[in-house]
Each structure stands twice: as structure tokens, then as C-alpha cells.
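Read the figures in this text as sums done on the coordinates, not as results from a lab. All values reported here derive from a predicted model rather than from experimental measurement. Glycine also receives a Cβ, built like all others from the backbone with ideal geometry; neighbour counts cover every protein chain displayed.
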Amino acid sequence: MIPNRSEYLKQQALQGQKIMGVLPALYPKELLWAFDILPAEIWDPPGDIVKANRHLQTTICPIVKQSLEFILTEPGIVNAGYLFPHTCDSLQNLGSQVKDMIGVPVPVYTFYNPKGNFNKATRAYYGDILNEFLQVLADVHGPPDIEKLRAACELGLKIDGRRIELQQARMTDRLSLNSQQYFQLIRAAEFMQPVDYLYLLNQVEIQDEPLKSHAIRFLISGILPPNDMTLSFLDDLGIGIVAEDLLAGSRRIPIATLDPPADPIEYLTDRFFLLPPCSTKAGSLDHRQQYLKKLASDSKAQAVLFNIVKFCEPELFDHRSLVKSLKNEGLPVLSLETELLPGLSGQTQTRIEAIVEMMGDEVLA
Amino acid sequence: MRDVGAPALMSFRDLTRRKSRPVPEAFGPPLRSNKRLKEILGRHYFLSRYVPGAKKVAWVTSGAPVELLRAFDFYTIYPENHSALVGAKKNGAEYCSIAESDGFSQDLCSYARIDLGHMLSGKSPAGKLPRPDLLFCSNNICQTVIYWYKTIAHELNIPLIHFDAPFVSTKQSEADVRYMAQQLLDMIPILEQVSGNVFYLNDFETILSRSQETSQTWGTILQTMRAKPAPMTIFDAFGHLAPIVSLRGLPVAHDYYNILLEELEERVALGIGAITEERYRLIWDNIAVWYKVRFLATFFAERKMNFVTATYTNAWAETTCHLDVKDPWSSMAKTYGQIILNNNLKHRMGLMRDMIKNFEVDGMVMHSTRSCKPYSVGQFDLRRALGAELNLPAVIIDADIADERVWSEQQIQTRLEAFCETLEDAAHV
């Protein structure tokens with residue numbers, strides 16, 4: 001049973017838990033766990049955007065706007081500060097805006113993620129960033145307990161390992177969850193205590209043999225999964241999302257299982273450099289194309305769904321080349337643009353039905 | 001490269017061009033240096049057509065440490081500068097449409113879309129741009145350039161060197177500087193391989209020294225606008241910015257700015273202003289609206305308002321003080337890593353506060369451009385904070401740097417007229 005995010009966090013706060021609001025996307029959550037801080041990620045909090053409009057233009061991505069709205073109206077659950085990992089230009093500036101211009105009653109932290117094609121210098125630098133962040137946290141929360149940090153990394157390793165198993169099971173039809181349930185499970189990582197979350201992951205049964213295959217198999221790529229109503233619509237049409245390349249999902253899980261952490265900083269560095277290709281890290285397009293093709297092939301996906309957040313530059317730049325390359329492989333592509341609103345528009349519904357109709361003949365054949 | 005015949009050919013080509021439009025009465029005499037500027041830029045683009053085979057070509061972002069490339073004798077082309085040129089000629093929408101029809105989103109930066117439109121069609125107001133042998137970008141101006149350049153690298157199958165400049169959230173750390181310096185050192189063997197030339201530290205130091213002097217001269221040029229009346233408008237400076245952006249480190253840029261400075265100092269001494277009557281002094285924030293420079297310049301000049309400073313033009317002078325020829329790698333990291341767009345909003349606010357005070361500014365116009373997130377996100381709060389602290393009338397206009405489809409003339413004119421009224425009212429209180 002996946003808890004309600006808001007209720008869960010309220011309960012945690014009532015129990016005196018330190019909670020840090022974390023903006024998308026890549027950050028060493030194990031460091032926070034080691035200081036007994038629960039990261040509560042802020043991606044698409046529900047509600048109308050009202051106050052944030054005073055601070056942001058209309059052409060800014062809805063993740064940024066909704067995050068700011070949340071920060072401006074947050075009822076006091078976030079008590080240990082906000083963390084702004086360096087993800088894109090808009091989130092970069094939003095971090096400074098909240099810290100330097102707007103002001104909030106809790107500390108604001110930043111965490112730089114290196115960009116581009118990585119080499120030895122990048123690796124050394126990432127280690128420096130981790131150590132600096134560790135020191136920043138230590139200044140507020142006391143000296144770090146290395147054993148606790150190691151234990152946090154071990155817990156993270158177990159979660160990563162189980163996530164990889166579930167991904168594999170999803171690709172081979174050995175999970176009985178529909179898409180809506182699957183993504184609720186994946187996204188519970190954004191707010192649950194790691195021990196609770198690992199327990200939840202372990203509750204999910206992986207079948208020994210494949211269950212009945214979906215009528216149509218989709219690979220999804222983008223920042224976030226579609227909203228519940230869209231996922232439910234896909235489920236009803238017999239579309240199974242069998243693999244995902246989402247920033248809120250598998251792009252934050254290493255592509256291989258790591259060794260148990262001897263040195264936590266080394267482990268977290270290795271982990272970062274083993275994450276899948278991602279637009280926000282600005283690696284090579286070739287690499288990302290190859291990765292997506294392999295994911296499609298491994299999962300036997302018959303089509304690719306891009307769920308693009310409006311005004312998201314990193315994704316929009318990659319999108320055109322990825323679409324061309326996947327189409328060259330004979331994979332139909334459906335690109336949906338989302339402003340993170342609830343519900344399912346008639347237009348989106350029609351576009352999904354159209355691709356299903358188009359593919360239907362081929363699948364039946 | 002020798003330019004035998006290029007000036008002659010270019011002046012022949014000039015004969016076929018239409019005469020420039022008359023200068024409105026609100027403006028003072030035009031700068032003599034404009035002619036030299038056109039020659040330099042025309043020559044640069046003209047020669048670029050004949051470069052392939054003679055020199056290796058690099059496409060470079062405006063904030064990248066180009067001095068390193070100069071040491072390998074690359075011929076450098078600045079796509080941002082080219083996109084601004086396309087925008088200024090009001091062809092931005094056409095080039096953007098080419099990119100959009102090939103699958104690029106209309107929500108992407110228009111500089112990038114124009115450049116991708118150029119890449120896909122070969123179109124250019126400069127005739128033709130040489131195909132790059134190398135791409136060189138730095139995210140010290142935005143993350144967009146990395147996505148943009150890696151797309152070109154992928155399409156053209158050419159190497160891309162990316163100089164990762166960590167954003168300065170509070171202050172630049174030793175680790176940041178070490179990382180950036182190491183990246184520069186790591187580039188040397190790659191640049192040697194692509195260019196076929198060997199790196200000589202002495203040559204590099206000479207280039208660096210020249211670049212520093214040029215940036216300092218550019219800074220002095222901007223400082224002449226503290227004079228009342230200011231000897232040029234910021235719209236002039238937007239044009240004269242081109243050499244410091246795209247020819248930085250070369251003797252031609254160095255020499256040109258000495259000529260321009262001399263002329264501006266002469267105008268200051270003689271009391272010659274850029275506009276005939278300067279009653280109000282303004283600051284501009286963000287990149288120019290390239291397709292409306294003339295409109296905006298005339299609009300404000302006719303109301304006796306002159307833009308005397310801008311965060312945009314200042315960017316190529318702001319951090320030069322960190323450059324140290326004797327410590328090139330770390331000092332380049334400090335110089336290129338701390339520029340306005342790679343720095344936090346507190347830093348930007350301090351910078352703008354100083355500019356407003358030093359240039360005796362009466363009002364502020366902020367261009368909120370949909371193309372540039374690092375420049376635009378935060379402007380609403382900056383406006384409020386600076387307005388409240390300095391009692392400064394300010395206006396924000398929504399537009400774009402190079403895609404003229406975004407411009408809404410009636411709406412913007414109404415906003416600007418209201419701003420001008422506020423400014424005049426404030427002056428009479």
C-alpha cells in the first residue's frame with residue numbers, strides 16, 4: 001500500500017522528522033539520510049499557480065512554477081531547508097531567486113551536477129562537490145558519522161538493486177502492476193523513508209513466468225510519467241508501459257549494480273557516473289540514442305511515448321534527434337506535451353487513440 | 001590570413017547596396033568608428049568563406065575562453081553573433097521556421113533555432129559560413145549552448161569541446177577553479193590534434209595579454225558613458241560589442257577599440273552627445289531585441305531618454321580584472337566562471353545597483369526574453385528590489401532576442417509610454 005505523499009510527510013513532521021524540500025533532479029540523497037534528513041522531492045505539486053506568477057514569466061516550465069508555488073505556500077512541513085540540485089537554467093536561477101531575492105524561513109542549499117562529456121577531472125570534481133556538501137550539512141547538523149553514511153549508502157544500494165530487478169521484471173511482463181500502479185510505486189521514492197520504501201519495493205511480487213503480455217508495449221521517455229488519468233486511459237486501452245527513461249524514474253538509477261560501499265564518497269561518485277544518459281547532464285546524443293534503442297529492444301517495445309514538459313529545454317533539444325533515430329528503427333513515436341495539469345484533454349486522448357489505431361493493424365497482423 | 005583584395009572586393013560590393021536611412025533629428029552625429037566596425041565585421045565574415053583548407057574553423061560560444069583557440073590559430077565563428085545578425089535583418093522568423101519544420105520546438109532559444117535553421121539550409125546574410133572542424137562551448141552563459149552545440153556535433157559529426165563552468169551559487173570555490181583550470185589543460189592535446197598546430201605557452205600568454213587589454217579598453221569605453229551627455233547610446237554599444245565577442249584576442253579587436261575610445265573621449269571633451277538632448281538616463285537589462293534596435297533607439301531618443309549602461313554590454317569587461325597572464329589557467333577559470341550569467345542574483349543585483357549609481361541612472365528597462373532563461377528568470381524580483389531600494393521607475397517588456405514573431409508592438413509601445421510618463425512624473429516630484 002503506497003501512502004499518500006502529503007499525509008505521510010505530515011506524519012513524519014509531527015514525529016519530529018527533519019524534512020528537506022528537494023527540487024529536481026540528481027542529488028546524493030544518501031548524504032541527507034546520513035544526517036537523518038528525509039528528502040521530500042518537489043516535482044509537480046498539485047494546485048493552481050497564483051503566487052508564483054508574481055515571480056516568474058509565463059514561458060517558464062511548469063515544474064519550476066509549481067515548485068515555487070509550493071515553496072511560497074508550504075505549510076511548514078519542510079523544516080530542514082530546500083535543496084536545488086543544478087539541473088537546468090530555470091531551476092538554477094530559481095534556487096538563487098528563492099535564496100537571494102524572495103527569502104524563506106529555512107536554509108537554501110545548492111548542489112552542482114557537472115555537465116558534458118565526463119573525464120578524470122570531472123570525477124575528481126564530483127568528489128570535491130560531495131565533500132563540500134557534506135561539510136555544509138555538517139555545519140548545520142553536526143559532524144558526519146561515517147558509519148551512518150556507509151549504512152545509508154548500503155541502504156541506497158539495496159534500493160537501487162531492487163529497482164533494477166523491478167525494471168527488468170516490468171520489461172519481461174513479470175509484474176502484475178498496471179502502469180498507474182507501477183509509476184506510483186516508482187514515485188514513492190520521492191518522499192518515503194528509505195527503509196519504508198525498500199520494504200514497499202520488496203512487497204511487490206515478481207512472477208517466475210511472464211504474465212499475459214500487453215496488447216501494445218510502450219517505452220516512455222521524458223521528465224515525469226503522465227498523470228494518473230492518462231496512465232489509467234493507457235491501461236484501459238491495453239497499452240503497457242514496459243520500460244521507462246524518465247528523469248523522475250530510471251535515469252536516477254545506475255545502469256549496473258555497484259559493489260558495496262567501502263568509501264562512501266567513492267561509492268557516490270561511482271554511482272553518479274553510472275547513471276543512464278540524460279539530457280540534463282548534456283552528454284552525447286549518440287550515447288542517448290543508443291541507450292534508448294537498446295531499452296526499446298530489451299523491452300520489446302513497439303512504440304515510444306515522449307512525455308515532454310512544456311518549455312523544458314534540455315528535453316526539447318534532444319527530442320528531435322531521438323524521434324528521428326527511433327523512427328529510423330521502425331518505432332512509431334507519440335510526443336505529448338504536458339503543462340502538468342490534472343485530467344486528460346480530448347486532444348491527448350485522440351492522439352493516443354490514433355496511434356493505437358495505427359498500430360492496431362500491425363499488432364494484430 | 002592575408003586579406004589581399006578583400007577590402008577592395010567588399011567596397012565594390014558596397015556600391016551595390018542601398019543607402020542607409022537618414023538619422024532622426026533626435027540623435028547626435030553618428031560615430032565615425034561605425035564605418036571601421038562594418039569593415040572589420042564584413043571582412044571577418046567575407047574571409048571566412050575562403051578559410052576552409054587554409055585554417056581550421058571553430059564555432060564558439062560568446063562566453064567561451066577563446067584565447068586558448070587563438071593559440072592554435074583557429075578561425076572562429078560565433079553562431080550567437082551570426083544569429084543576432086540574422087535577427088537584426090529581421091530574418092529571424094524565417095530561419096527559426098526552417099528549424100521548426102525539421103522538428104525543433106518553437107520554445108527553444110531563437111539564437112539556437114536560427115543557427116540550426118542556417119545549418120539545415122545553408123542560408124546566411126553573410127553569404128556563407130564555413131563548416132566547423134570543431135565546436136567549442138561553455139555553459140557559463142547558459143546550459144542551452146551545450147544542448148545546442150551537442151546537436152550540431154551530432155548532425156555534423158564533428159568534435160565538441162565543452163568547458164564546464166559551475167554556477168556560482170554563493171562564491172566560486174577552490175574546487176571550482178581547480179576543475180575549470182584542469183579542463184583547460186586537458187583541452188590542449190585535443191586542440192593540437194584537431195588544429196595540427198603545437199601549443200606554445202609564450203604565444204598563448206601574448207594572446208591572453210592582448211585579450212585582457214582589449215576587454216579593459218572595452219570597459220573604459222563603457223565608462224565614457226558616465227559623461228553627461230553620454231557620447232553613445234547603449235544601442236550603439238550593442239553594435240560595437242561585436243569585436244569583443246567574436247574577435248577577442250586578435251589585434252584587430254584590440255586596435256579597433258583604441259580607435260573607438262579615442263573618438264568617444266573626443267566627444268566627451270567636446271560635449272557631443274549621442275542624442276541631441278539627454279534629459280533622462282536609463283539602464284537596459286538583458287540581451288538586445290535585435291530586430292527592434294532602431295525602433296527602441298528612436299522611441300527613447302525622441303523622448304530625450306538615453307540608455308547609458310546595460311548589464312549585457314558590461315559582461316565582457318566585468319571579470320577581466322581576474323585575468324593574470326602569469327597564472328593563466330586558474331585566472332581564466334576565475335574570469336570566465338564568474339560572469340554575470342554564471343553568477344547568482346545577489347551578485348547581479350549588486351552589479352546593477354553600482355551601475356545605476358555610477359551612471360546616474362533615472363530608470364530601468366528590462367527585456368524579458370523567452371529565449372534566455374538565465375537572463376530572464378529572476379527579473380521580476382530584481383525589478384521590485386531595485387525599484388524599492390533606489391526608488392527607480394522600471395518596466396519589463398516581453399519580447400525575444402531574434403524571433404520577431406514574438407514582438408507585440410502595440411502592447412510594448414503602451415507599456416513603454418506609461419514608463420516614460422512615470423519617469424517624467426518622478427522627475428517633477
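Would you mind classifying region A:1-130 by shape? Square roots of the alpha carbon gyration tensor eigenvalues, ordered a ≥ b ≥ c; an a/c under 1.5 is rounded, otherwise it is prolate if a/b is larger than b/c and oblate if not. Judged from the Cα gyration tensor, region A:1-130 comes out oblate (a/c at least 1.5, b/c at or above a/b).
Among the residues of A:310-316, the average count of other protein chain beta-carbon atoms within 10 Å of the residue beta-carbon is 5. Stokes-Einstein diffusion for region B:31-428, with the hydrodynamic radius set to the Kirkwood value over Cα pairs and evaluated at 20 °C in a medium of 1.002 mPa s, equals 99 µm²/s. Shielding value for B:146-152 is 6, the average number of Cβ atoms from other chains within 10 Å of each residue's Cβ. Averaged over residues, the count of other Cβ atoms within 10 Å places the peptides B:173-184, A:44-55 in the sequence B:173-184, A:44-55, highest first. So, in Å, what gap is there between the alpha-carbon centers of region A:141-196 and region A:22-53? For region A:141-196 versus region A:22-53, the Cα centre distance is 16 Å. Between amide H atoms placed 1.01 Å from N, distances below 5 Å from residue A:241 occur with A:179, A:218, all of them 5 or more places distant or on a separate chain.
Placing a label point 7 Å from the Cα of residue B:269 along the Cα-to-Cβ direction, no residue of region B:20-58 has a backbone N closer than 12 Å. Taking amide H as placed 1.01 Å from N in the peptide plane, residue A:333 has its amide H under 5 Å from the amide H of A:304, each at least 5 places away in sequence or on another chain.
Apply 1/(1 + (r/R0)^6) to the Cβ-Cβ distance of residue A:345 and residue B:128, taking R0 = 41 Å, and write down the FRET efficiency to the nearest 0.05. For residue A:345 and residue B:128, the calculated efficiency is 0.35. As I understand it, the dipole of chain B uses +1 on the Cβ of Lys and Arg and -1 on the Cβ of Asp and Glu, about the Cα centre. Which of B:335, B:259, B:30 lies farthest toward its positive end? Looking along the dipole axis, the top candidate is B:30.
Is region B:163-221 rounded, prolate or oblate when judged by the Cα gyration tensor, a ≥ b ≥ c being the square roots of its eigenvalues, rounded requiring a/c under 1.5 and prolate requiring a/b larger than b/c? Oblate, since a/c reaches 1.5 and b/c is not below a/b.
Computed about its Cα centre, the charge dipole of region B:330-429 is approximately 700 debye, with only Lys, Arg, Asp and Glu carrying charge at their Cβ.
Using a Förster radius of 60 Å, what is the FRET efficiency between residue A:147 and residue B:418 based on their Cβ-Cβ separation? Nearest 0.05, please. It comes out at approximately 0.40.
From the square roots a ≥ b ≥ c of the eigenvalues of the alpha-carbon gyration tensor of the protein assembly as shown, which class results: rounded (a/c under 1.5), prolate (a/b over b/c), or oblate? It is prolate, given that a/c is not under 1.5 and a/b is the larger ratio.
Taking the Cα centre of region A:5-144 as origin, sum charge times position over the Cβ atoms of Lys and Arg (+1) and Asp and Glu (-1), and report the length of that vector in debye to the nearest 20.
Numbers: 11 positive and 13 negative charges, 33 e Å.
It comes to approximately 160 debye.
Using the Cβ of residue A:296 as centre and a radius below 15 Å, the other residues enclosed give a net charge of +4, where K and R count +1 and D and E count -1. Within the straight-line cut-off of under 19 Å between alpha carbons, the lysines reachable from residue B:304 are B:228, B:292, sequence neighbours fewer than 8 places apart in one chain being disregarded. Comparing B:183, B:141, B:160 along the charge dipole axis of region B:128-194, the residue lying farthest to the positive side is B:141, per the Cβ-charge model.
Geometric descriptor of region A:192-336, per residue, is 151 Å³ (volume of the convex hull of the Cα atoms). Which aspartates and glutamates, if any, have their Cα less than 16 Å from the Cα of residue B:326, not counting same-chain residues under 8 positions apart? Candidates past the 8-residue exclusion: B:67, B:203, B:205, B:213. Compared with the dominant Cα axis of chain A, that is its longest principal axis, helix A:285-298 is turned about 60°. Within 10 Å of the Cβ of each residue in A:81-88, the mean number of Cβ atoms contributed by other protein chains is 2.
Please give me, ordered by residue number, the trypsin sites (Lys or Arg not before Pro) of region B:18-100 that lie in loop per DSSP and have at most 14 other Cβ atoms within 10 Å. Filter output for region B:18-100: B:18, B:19, B:32, B:49, B:89, B:90. For region A:5-144, lysine pairs with C-alpha atoms less than 28 angstrom apart, excluding pairs fewer than eight positions apart on the same chain, total 18.
Taking the Cα centre of region A:147-364 as origin and assigning +1 to Lys and Arg Cβ atoms and -1 to Asp and Glu Cβ atoms, the resulting dipole is close to 320 debye.
Over all Cα atoms in region A:273-337, the spread is summed up by Rg and Dmax: 11.5, 31 Å. The HN-Hα couplings worked out from phi for region B:237-247 by the Karplus form 6.51 cos²θ - 1.76 cosθ + 1.60 (θ = phi - 60°) are 4, 4, x, 6, 5, 3, x, 5, 6, 9, 10 Hz, whole numbers, x standing for Gly and Pro. Name all residues of region A:174-202 having a backbone nitrogen under 12 Å from the label point set 7 Å from the Cα of residue A:11 along its Cα→Cβ direction, giving them as ranges. Output list for this probe position: A:192-193, A:196-197. Computed over chain A, the per-residue total of -39500 (n - 2.57) for DSSP H runs of n ≥ 4 gives a 222 nm mean residue ellipticity of -15000 deg cm²/dmol, rounded to 500.
With a cap of 16 neighbouring Cβ atoms within 10 Å, and only residues DSSP puts in a loop, list the trypsin sites (Lys or Arg not before Pro) found in region B:234-282.
B:279
Considering only A:152, A:309, A:199, and ranking their Cα positions along the charge dipole of region A:147-364 that arises from unit charges at the beta-carbon of Lys, Arg, Asp and Glu, the one farthest toward the positive end is A:309.
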